[in-house]
């Protein structure tokens, strides 16, 4: 258990350091309004927070199912807006097909695991393990996305404000659809 806490603390510190570096780089070129980096990062921080909360829950906690469902919905919406809007724009801007292809494949793996989790009950064998593995995969993907894709996009002419607005509108529509 101590190792898990040390690992979590280390990951949290890395994430905060990476986030502040990205934010300071971005603030030099950022204009007024929503932007793609901020929207994607907000989603990332929320999902990470919920994943950490799940990790801290005790066995048998009745709230696990609700939280796992919230995580799965957020990941599905986030993945969809990235695949429909952010990744195509990033691909055009960076001309790095390999980087974007890898991110899309990672999304596919995450979606498969989400599908398995959604078919399970909270007290099923391996439920917690699957949610935790999902969390590990998602956190690694987030770190790679923010460090690699965001840093490559810093030196491009991608319209981060326009892409951010498009992402926000699509996210809102998808969230309404998911909750309907």
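A short reminder: the numbers here are calculations on the coordinates, not readings from a lab. In this text, all values refer to a predicted model and were calculated from it rather than measured experimentally. Glycine gets a Cβ as well: all are built from the backbone with ideal geometry, and neighbour counts include every protein chain shown.
Pairwise Cα separations in region 36-179 fall into 5 Å bins from 0 onward with the following percentages, short to long: 2, 9, 20, 22, 19, 13, 8, 5, 2, 1.
In this rough spin-label picture, where each label sits 7 Å from Cα along the Cβ direction, the residue 83-residue 129 distance is 2.7 nm.
Compute the distance in nm between two label points, each set 7 Å from the Cα along the Cα-to-Cβ direction, one at residue 45 and one at residue 120. Calculated label separation equals 3.0 nm.
The separation of region 132-180 from region 42-118, counted between C-alpha centres, amounts to 9 Å.
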